[in-house]
Structure formats: structure tokens, C-alpha cells
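Comments concern the structure below.
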Amino acid sequence: MSQQGYVATPPYSQAQPGMGGYPAGFGSAPAQPLYRHYGGPPQSFPAPPTGKNTCLWSPIPPVKSSSIYIQQRHHNLGTLACSMLLLRLHSCSVLKVDHPPLAFPAGPGPVQSPQAPPTSHLTQQQFQTAPPTAMGHPPMGPHSSQMAHPQSPLAGPTMAGPQSMGGPPPMGGMGRPFPGPPPPGAGGQFGGQMAGPGMAGPGMAGPGMAGPGMAGPFQGGAAQMAGPPQKKLDPDSIPSTTQVIEDDQAKRGGQVYTTNLRGQVPPLVTTDYTVQDQGNASPRFMRCTTYSFPCTADLAKQCQVPLATIIKPFATVPKNETPMYVVNHGETGPIRCNRCKAYMCPYMQFTDGGRRYQCGFCNCVNEVPAFYFQHLDHMGKRVDFYERPELSLGSYEFAATLDYCKNNKPASPPAYIFMIDVSYANIKSGLVRLVCDELKTLLDNLPREDGAESSMVKVGFVTYNKILHFYNVKSALAQPQMMVVSDTAEMFVPLLDGFLVNFQESRAVINNLLDQIPDMFADTNESETVFAPVIQAGVEALKAAECSGKLFIFHSSIPTAEAPGKLKNRDDKKLINTEKEKTLFQPQKAVYEQLSKDCVSQGCSVDLFLFPSQYVDIATMGDVATHTGGSVFKYSNFQVERDGQHFLSDLRKDVEKAIGFDAIMRVRTSTGFRATDFFGAIHMNNTTDVEMAAVDCDKAVTVEFKHDDTLSEETGALMQCALLYTTISGQRRLRIHNLSLNCSAQLSELYKSCETDALVNFFAKSAYRAMLNQPLKTVKEILVNQAAHMLACYRKNCASPSAASQLILPDAMKVFPVYLNSLLKTGPLVGSAELSTDDRAHQRLSTTAMGVEDTQLLLYPRLIPLHNMDVASDVVPTPVRCSEERLTDAGMFLLENGCSLFLWLGQACPPEMIQSIFNVPSLAHVPVDLRSLPELDNPQSQKLRSIIDSLLDQRPSSMKLMIVKQKDRSEIMFRQHLVEDKGLHGGASYMDFLCYVHREIRQVLT
Ligand SMILES: [Zn+2]
């Protein structure tokens, strides 16, 4: 048996990751190299200016004049919109978008090929005079709805000739060898929305310009909020995320996406599509930063585009898509390559009349086992190709044999242990009673295997404050029995029989217990709690029962009682914006680090529900959860009436969701590249095995790849993710996801096949990890530098020659800057004393395990106008750009980012609208502490509630509805999600950031 295998046979007879023997270096600090550029140190060009002298960066200066041109480009596909914005000092910005050309047959040749990939341009240019009218092109009126200028003499070489307005462009996607990003709709992204005169540019590159996130402190919100109204650039003229989302939905929405093509770029995560698996994993399971890898390490280094895949192994699949097939090869177990241990998949090439197969990953030629032999057809394809999921599908499962089980013993069904902090705070708030009442019904919904009558998950109960109480709820008992453990230094479980039980069988005793718990501790005055011993007790209980499982811990305060893992308040706002700020986010090690290891080796996941009224050191308390595939939920200053439903929704989703336990994941690749780095709620004990005590339908692992040799355009880049895990009923299975990408010696192919949402997921996770080891300022600089390098490389190698003053963005990345800027303004990276350290730590930890859908929404929230909604239609109104500009005094908007949900009411909101939604006569009467809308029998109310319900339904966790009135103090909370505006706690507006990035690119290029 080869030593290379990740699950050798027998898998647990070798040194097992996660089964003891952890080397030093677990956790955040270990073998983490310093945050860096892909493939090179960041210092190859000057760092961006930073510091306090930010005057040119923050305010938007007035302009003297401006005009806009839109221009179409001579191009086979679609149109090119181009606008020019005259800025102060006669400098001019030109924004252009190239659209994807038809792909010509790829071939070797210079990187700078005539078929330049799609591009967006924004130019800063010196002009001596305002050129527009002088050149015979009248400036466009405000908000012109059509493109006025098919051509402009200002055009540089890239802007050559006009595109004929007549005749549709050739359709993309048909017969194209490379299914690049979708061709644009006619009219371009930026056409038809140009604003008129009176626009100002942001402060253009000056020596004193500060970096993003370095802008001054909050001064009353976005720039627009303070002082007299200023003229500014029309925000419609810069790439719009909502437009990109709408276009993709228009183009690919409602369609079937078949996964038969290698290197195919899937629809956006926001698009509504149906997947048909034809040999590659659905994008719901795997999404890549680019679907065309560069052939060589040199090219990868040159472009600095991260090569990464975001894997969500248990992603929820809509009912109209094929469920996961389970392949069972009986006692033999799954068929694997002898050398690299890859599992049978569509990339194995059968030869020799079907007697052998060549591994697509390592090229080893293997014998086909006798039982698996099958003849080949005239195409060399096995005749049973379509009958075997492992030959024809991208995703499927294998039933695992005993060799894949711990100690060669069959796995047991997992157990859920509910551990309730019954200290004074939780009793007084009513939380204990709320949890106990809910569990009585919730436990009927424990997850079960498809088609099974009942769940096989066992349940157990613990309450605690400074000491722990275990409960015997054996079905034979008339009354539950309590056993107390007061020695928390050496945790043990005082009972084995009767602690973990089947809910159906013990229902009466359990309900009895849940009735009694709130009363038993009703008079408590114990305010101190332990925490680490609680987790330890859970692990010990699972260990004794020889099963994996999950702990649901409901906890209120920082654990100050004398016990292992005792914590003290180390929140220090003075550290913010210093070298030591990172220490606020570093977990207290020792006890918690060891706990994580214990949990992972037992397959014990920890979900933490926190109800703090002050600082609780989430960086440390959440550490075990985020290394065991768990989640941290936080309800500050919890009040049952106000926050109860929000919390219960989270709890229900969490208990009921699809999940696998005791998982170990390995990502294999074809020769020439390999997985080098992993981000997620995971534990790594060596460089290849990703261990997850549990992995549920919302958890994603981001995997970064590096070259170790040259990749071939012919064979492409193949990856296989194999996840060994225990199902909810105790079966051991292997879930396999395969994905094939293209490889190209032309960087233009890479840029065409980029996925911005996936890129942003990677950058968010890598930056949030880096901030544990490096000052925030450095992390942010590196982010911007890498982005500038990516875009500069595109410009240098892929775009047609153009004036240096143009900002040129690849079409597939054209909204990358707005996401990057939003990331720089997120709580964890922003470095403001106004934000709570726990909130920042919480967001950092939550993001670590997010999939692409979640990071997309988090960094570009949906702002949905409600005042014009069509109550007859069942579609959600189209979101608008996240900017104060889009709000109207007479409007009503919903904003959501997956974590927060706001209903914003304009000052001049019509009373009829208020009446129909809130059943009160005017805005002043709307209670702001409302957490759900009254159920009124009118179309407006019904429509709005159904929109909210559908949003809540789609998201992994519940969102608390917050009512915000325009100009109220609470509006600040809402405004910090308007990511195109200047950050409330620092950070540039989108427009300013674009100019800043442009300047960085120019520095790289010179
Ligand atoms: Zn192989």
C-alpha cells in the first residue's frame, strides 16, 4: 500500500492526523508564512502612500467642467462603452469597457494577441482644454438614456472605429473553443446612464494621498452627508455590481448549466440556474478564481492572480437537480489509482480493451480489477459509462469499507449534546426557559437519512455555571437524574448509560427534564462560569460513546471561574492602529489549542451561541468552534421578546441542517500543480489532510494552488476533492467532487476566465488570516498591491495599447475593485475604536468558513427598493447600487448582507405606505424596536413579508430585522453597509478607490 495515499488501507493504522501526536504549530501562527503576494514579495514596487495626510483622499473636490462621451468600439461582440469625465485641473478620466471578443483557436504565440480579452478602462489624462464640444460631440445631457457617441476622436488605439449599431453581434457560447465570460448585452454596462455636467473627480493622485482605509475618522458618514452638496462624478459611470448581476441573470438565468466542458466559467452565484452534472462538479460544490490556469509558474507569478478553488462539499442542491448517487463496490471498496490514490472518476482513461486505465492525475497505468472489467465501445468508452456515476459524473459518493473507519470498527451515528449555561444572566434573561421550551419540539426535527423514519442522532443534556450537571434521561426512568461534577480541572463524564439517548425513546423523560431545568436554577445567584471544561466534558462523553457529534453551547459571559481556560478581559482599544492590534484577534492558546485537537480527533464539532452583555473574548472563545467545523452565533444584550425569534431561527436551522461528521478531506491534482494552502473551519495536522470534526451544508474550504511544474494545454488541470466522513446515520462514506480546468500559455485566457466573486472570497479569507500575524496596515497594503499587480499585468500583456492614463480592467474583473474596497472597510480590517473588538473578531471567524455566495453578499449587500414594487408580481424588486445616492426621501428600502437585515424608511415616506406596512398613521408612529412586521391583510404588507421570508430562507443564518428611519441615530448602523460610499469608520468611496488603484497600477507599470 502506497504511503502517498491519504486514506491508505487500513487508513487508521498509520500515523493518523487528528488521532493524536500533534506536532507543534497548530492554530493560527504555525507554519503560516507571512502574508504575501502570490508568487513574490510585495516590495517589487513602492507601497501605497499611507498615513494621516489624507486630505486629498477624503473630500471630493469641485470641478470646473466636465463632459462625458460614450463610445462604441469596433468589435465583433457587443459594444464598448466609454465615458470620459473631465476632472479638476483638466485631468480627465476615461472609463471604458471592452467586451469579450470571440475566442480564436488558442495556440502558442505571443501573449499579447490581437484577440485581447474583455477589458474595462478608466483613464486619467491630462487635457489642456475641455475637448468634447470642440470636437463636435456635444456633451450628453443629464441621465441620457442612450449612448450618444458611436465614436470619438479622443479614442486611442484601443478605441478604434465605431461599432455598427446595426445587426446583432455574433452569439457567444456557440462553437467557441473557450467559453469565456458571457458576452455583454447590447448597450454595454455603462451606456445609458451617464450623468450630465457638474461632475467632480475625486482627489487625484497627489503625494499626500492616503491609502484606502486610511481616511480620516467618521465625520458624519459618507462624504455626501457632511457640508453643502458637492458636485461629483456620476456614480453610474463606474462599473456596477448590480448591473453585472442583472446582466448575468438575464443571460444565464433560468437556464440549465451542463458541466460537460472543461474550463467552463459557470453563471454567477447570484444567478438562478439549474445544474446538470455531466462530468464536472456543480459550481455549487466547487468554484474557482479562474477556469484557465497559466501553464507555468512564471506566468502565475507574473499575473499574481491567486489560483484557488472554493469547495463546499455539502452544498445544498435544489430539488430539481440530481441528488448524490452512492456507489457501492462492496467489500472491495472504491477503486483507486495505485500510485496517487485518486478515486475512479471521469478522468481515468481506459485502454487495452478495457483491461487497464491510465490515471488522469499521475498518469500511472493501473489494471482494472476483474469485477470491474467492461468492454470499450468504438470510441474507447466503457459501454457501462452512463450506468456508473463514477465514470460519468463530476460528483458522487462511495460507500466506504471498514478500512476507512476508525480502528476498523463501523462508525456510530453521531450525538448532539445541548449544554446550557444556567448562570444568573441566562436565567434572568429568560434564555434558559426559551431554549428548554424550544428543544421539546425541535428535537423531532433532528437530521435523518433520506427516507428514514426517524433520526438516529442521539441526544444528551448538560447544564453548568461554575460546575457541571449531567443528566441521565434513560427511557426506563420515571424522573431524570442529575449528576454533578464540581472538579472542573480534570473533566470526566460521571455516567455512560443514559446520558446519550434516542429522543423518541426517551421523550417523556427528556421533556420532564426540559420542564424542570428553568425552575431548578430559577433562584441562582451564580454569575461565574467555566467554559473550556464544558467542551472537554462534551468530548469525553463522545469519546466514551465512541461516536462523533456536535456540542450546542448556550453561553453568556467571559469564563472567569477558576478552571482550565479561564479568561480575563484583554480588550484594549489603545492597541488599535498599532503593531499590536493583531494580538486582539489572536486566541489565548494552551488550553483551547489542545481542546481543538481533542475535538477534531474525536469528530466533535462545537457550535457556540453567545449572549454577551459585554466583552467575552470571542477571539478565544470562538477558536474551538472555528477549528472544528462549527459556528459562532452572537446575540448581544439578548432580550427574549426582542431577539428570541432571531435566535430560535438560527438554532432551528443549525440543528436541522445537513451535515457530515469526523471528516477528512484531500484535494488531489494532476501533475504540475498542487494544493498548498487551505482556509476554513478546519484543522490541518500536516500539509495535505484537511480535518473537519464536522462539515455542514454552509461550510466552505478555500484551497490555494501553486505550480510545481509546467501544465499542459492539452490535458488541462484536474482536481479531485475526496471527503471521507460519517453520515448522520453512522455510515462511513466518501464524497468525491471532480473538476477540470483549462490551462493556457496566454494570460489573456486566464483573465477571461476569472471569477470575481471567487477571487474576493480568497482575498477575504487570506487577509483575515494574515491579520493575526501582521499589522492591519501591512495587510491592506498587500491587498491593494496585489490587486494593482493583477490589473497592471493584464494591461501590459493582454490589453491593446492605450494611453497610460486609462485604467483598464478585464471584463471578468471589472467590479473587483468595489469588492476589494468593501473588504478593506469591513470591521476586522478597518481598525476603528468605535467598533467592538468582539464584533470584529466574530466577523473574522465567521468569514473563514464562508462560501462564495456568502462573501459576495457580505461585501456587496443587496439594497432593494420597495416603494415601487409590483405587488402583483412574485419577483423581488431589482436591487440598486449600495450607495446613499440611491436612497430617496420618499422611499423605503430593504438592505441585507446575510448577517444584517434593515428596513430603511425615508423621511418623506408616504403615510399610506407606512399604514399598509406598519398599521400606524405616520413615520413618527413606527416603533423602531419592531423585530417582525405586523401581518396585515393588504398586498403591500403581504408582498414585503414574503420578500423578507424568502431572503431569510435563502441565508445560512437568520437575520434580525432592524427598522431604521432616515436621519435617526440608528441610521449609522445601516449606512456602514452602503459599500460604495466613503466608510463610516474610515476607508475610501468606490470612486476614490478606483482612482487610487489606478495610480497604483501606473506605478507598477513605470
Ligand atoms: Zn494516479
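The values are calculated or read from the model by the stated rules, or taken from the named source; none is laboratory data. If you're wondering where the values come from, they're calculated on a predicted model, not measured in any experiment. FYI the Cβ positions are ideal-geometry reconstructions off the backbone, even for glycines, and counts take in every protein chain you see. We work out accessible area using only protein heavy atoms, side chains counted, and drop any ligands, DNA or RNA first. Shrake-Rupley method; radii C 1.70, N 1.55, O 1.52, S 1.80 Å.
Criterion first (within 13 Å of the ligand (Cβ to nearest atom), of a type in the set (Ser, Thr, Tyr) and under 30 Å from VAL457 (Cα atoms)) does TYR396 satisfy it?
Against the criterion (within 13 Å of the ligand (Cβ to nearest atom), of a type in the set (Ser, Thr, Tyr) and under 30 Å from VAL457 (Cα atoms)), TYR396 does not qualify.
Going through the stretch 773-817 one residue at a time, which ones are of a type in the set (Gly, Ala, Ser) and either touching an Asp or Glu at 6+ places or on another chain (Cβ under 8 Å) or not in a loop (DSSP other than H, G, I, E, B) (or both)?
Passing the criteria: ALA787, ALA788, ALA792, ALA799, ALA812.
Please tell me if SER670 is in contact (Cβ under 8 Å) with a residue 40 or more places away in the chain and closer than 26 Å to MET324 by Cα.
Here the answer is yes, as SER670 does meet what is asked.
So in the stretch 661-704, with the set limited to residues that are aromatic (Phe, Trp, Tyr) and touching a Phe, Trp or Tyr at 6+ places or on another chain (Cβ under 7 Å), which one is surrounded by the most Cβ atoms within 10 Å (Cβ to Cβ)?
In this case the residue turns out to be PHE661.
For the stretch 901-985, give me every one of the helices (runs of 4 or more DSSP H) that falls completely inside it and has 2 or more residues that are small (Gly, Ala, Ser).
The qualifying helices (runs of 4 or more DSSP H) are 939-954.
Quick check on my filter: what residues within the stretch 525-556 are open to solvent by 10 Å² or more (accessible area, probe 1.4 Å) and either in a helix (DSSP H, G or I) or under 23 Å from LEU434 (Cβ atoms) (or both)?
ASN525, GLU526, SER527, GLU528, GLN536, GLU540, LYS543, ALA544, ALA545
Which of the residues spanning the stretch 329-343 are surrounded by 14 or more Cβ atoms within 10 Å (Cβ to Cβ) and either away from the ligand (no atom under 11 Å from the Cβ) or among the polar types (S, T, N, Q) (or both)?
The answer is HIS329, GLY333, PRO334, ILE335, ASN338.
Just one of (1) open to solvent by 70 Å² or more (accessible area, probe 1.4 Å); (2) more than 16 Å from LEU723 (Cα to Cα); (3) away from the ligand (no atom under 16 Å from the Cβ) trips up TYR325, so point out which.
Of everything listed in (1) open to solvent by 70 Å² or more (accessible area, probe 1.4 Å); (2) more than 16 Å from LEU723 (Cα to Cα); (3) away from the ligand (no atom under 16 Å from the Cβ), TYR325 misses just condition (2).
Assuming LEU307 fulfils every condition listed in (1) in contact (Cβ under 8 Å) with a residue 60 or more places away in the chain; (2) within 16 Å of the ligand (Cβ to nearest atom) apart from one, which condition is it?
Only one criterion is unmet by LEU307, namely (2).
State which residue pairs qualify: first residue under 13 Å from LEU903 (Cβ atoms) and inside the stretch 915-942, second residue acidic (Asp, Glu) in any location, beta carbons under 8 Å apart, and separation of 6 or more residues or different chains.
If the second residue must be acidic (Asp, Glu), the pairs left are VAL928/ASP968; ARG931/ASP643; SER941/GLU935.
Looking at GLN249 and the list (1) surrounded by fewer than 24 Cβ atoms within 10 Å (Cβ to Cβ); (2) touching a residue at least 40 places away in the same chain (Cβ under 8 Å); (3) over 27 Å from PRO389 (Cβ atoms), which single condition is not satisfied?
With respect to (1) surrounded by fewer than 24 Cβ atoms within 10 Å (Cβ to Cβ); (2) touching a residue at least 40 places away in the same chain (Cβ under 8 Å); (3) over 27 Å from PRO389 (Cβ atoms), GLN249 is out only on (2).
Quick check: anything in the stretch 278-299 in contact with a strand residue (DSSP E or B) (Cβ under 8 Å, 6 or more places away or on another chain), open to solvent by 70 Å² or more (accessible area, probe 1.4 Å) and within 16 Å of the ligand (Cβ to nearest atom)?
The answer is no, given that none of the residues of the stretch 278-299 is in contact with a strand residue (DSSP E or B) (Cβ under 8 Å, 6 or more places away or on another chain), open to solvent by 70 Å² or more (accessible area, probe 1.4 Å) and within 16 Å of the ligand (Cβ to nearest atom).
Say whether the condition of being under 16 Å from LYS341 (Cα atoms), at pLDDT 95 or above and not β-branched (Val, Ile, Thr) is met by at least one residue in the stretch 382-389.
Checked against the condition, which is being under 16 Å from LYS341 (Cα atoms), at pLDDT 95 or above and not β-branched (Val, Ile, Thr), the stretch 382-389 yields no hits at all.
β-branched (Val, Ile, Thr), away from the ligand (no atom under 16 Å from the Cβ) and either touching a Phe, Trp or Tyr at 6+ places or on another chain (Cβ under 9 Å) or under 28 Å from THR702 (Cβ atoms) (or both): is that true of VAL365 in this structure?
no
Just to be sure, is GLY827 open to solvent by 10 Å² or more (accessible area, probe 1.4 Å) and touching a helix residue (DSSP H, G or I) at 6+ places or on another chain (Cβ under 9 Å)?
When the stated conditions are applied, GLY827 passes them.
Residues in the stretch 498-548 that are touching a helix residue (DSSP H, G or I) at 6+ places or on another chain (Cβ under 6 Å) and β-branched (Val, Ile, Thr): how many?
Count: 4.
Only one of these conditions is not met by TYR357: (1) of a type outside the set (Val, Ile, Thr); (2) loosely packed, with under 14 Cβ neighbours inside 10 Å; (3) within 16 Å of the ligand (Cβ to nearest atom). Which number is it?
(2)
Tell me, yes or no, whether the stretch 645-662 has at least one residue that is part of a helix (DSSP H, G or I), more than 16 Å from the ligand (Cβ to nearest atom), modelled with pLDDT of 95 or more and among the β-branched types (Val, Ile, Thr).
Yes, there is a match, as at least one residue in the stretch 645-662 is part of a helix (DSSP H, G or I), more than 16 Å from the ligand (Cβ to nearest atom), modelled with pLDDT of 95 or more and among the β-branched types (Val, Ile, Thr).
Can you tell which of ALA658, ALA619, ALA590, ALA625 is within 25 Å of ALA767 (Cα to Cα) and either open to solvent by 10 Å² or more (accessible area, probe 1.4 Å) or without any contact (Cβ under 8 Å) to a residue 60 or more places away in the chain (or both)?
Checking each option against the conditions leaves just ALA590.
Kindly establish whether THR351 is β-branched (Val, Ile, Thr), within 16 Å of the ligand (Cβ to nearest atom) and out of contact with any helix residue (DSSP H, G or I) (no Cβ under 8 Å at 6 or more places or on another chain).
yes
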